[in-house]
């Protein structure tokens, strides 16, 4: 297997913004745990960071939480973003009313992703810890579709829903959503603490994906081989407390500085951030490298979690797993505190 070097970018293409870590659910796999001492970025701080990114020609903004709609000023943030960049939102859908959907359409939102974690109410509600959450999420999808917004259903593949992916594909078609996105489980937040309960062996994951019969009119997105690129080379992400974390899936592992103290572009030039973006990917998958040299190497979050190094191979790639048991997370990762670590200066 060859070593692949990822291109260094002068500025990011995409900007992930987290208005809040708060949520109205009680999920066993929440990627964020609120810090009682944490102070959320203000509206002015968030819009100032977006303006800096627009000055760097960022082409897309992605809002995620927590649950972003818990912020009373969230729609104002969206309205600030949409004239400047293609804007996407990820939500649990429970707060998306018909009125909210119409407001998002009026603001020219590009895509809304609604997380639905099971093919039926019993499964979804058990995982997210809120009775009625499934029905509210499905209603949110319908409101978005009726408003004319490009809508995706997203689900994280876990032991709860590994046998329900067809149900989710059929639900996507039935609601009129355009895509079903099946996402890997990341070792973050409460998912780290509940990993043994939630995780699924890689062969079973692949079998479940291959068994999906995609309905007409629906597109399937999935983040396994060969669709498992190294996104860090072009990503920027700032969490709700202002930490520049590089990628949302590094939120427990990386911190390149706080935008309350320095500009985002100062964090972009942090030596640790530069190394993660451009370090050689050891034993990069040859098929992925052939598809796109600049994105090969796989996800750096799961590579670091299981391999202990930023240039380790991605164990979710069927070609590069090398016998890694994805149901057993290393203790050094399970025992990490929640949230971004102290600012990094080297790797």
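The values are calculated or read from the model by the stated rules, or taken from the named source; none is laboratory data. Given the structure is predicted, the values throughout are model-derived calculations rather than measurements. As a convention, Cβ positions derive from the backbone with ideal geometry for all residues, glycine included, and neighbour counts pool all protein chains shown.
Looking across the stretch 127-139, the residues that are within 16 Å of residue 23 (Cα to Cα) and either touching a helix residue (DSSP H, G or I) at 6+ places or on another chain (Cβ under 8 Å) or assigned to a helix (DSSP H, G or I) (or both) come down to 127, 128, 131, 132, 133, 134, 136, 137.
Within the bounds of the stretch 142-151, is there any residue that is crowded, with 22+ Cβ neighbours inside 10 Å, within 19 Å of the chain's Cα centre (by Cα) and not in a strand (DSSP E or B)? No - not one qualifying residue is present in the stretch 142-151.
Restricting 176, 129, 118, 110 to those that are within 18 Å of residue 31 (Cβ to Cβ), modelled with pLDDT of 95 or more and in contact with a strand residue (DSSP E or B) (Cβ under 9 Å, 6 or more places away or on another chain) reduces the list to 118.
The conditions of being surrounded by fewer than 24 Cβ atoms within 10 Å (Cβ to Cβ) and in contact (Cβ under 8 Å) with a residue 12 or more places away in the chain are not met by residue 133. Only one of 307, 339, 298, 323 is buried (at least 17 other Cβ atoms within 10 Å of the Cβ), on the phi > 0 side of the Ramachandran plot and modelled with pLDDT of 80 or more. Can you tell me which? Within the list 307, 339, 298, 323, the selection yields 339. Do we have residue 104 as at pLDDT 95 or above and in a helix (DSSP H, G or I) here? When the stated conditions are applied, residue 104 passes them.
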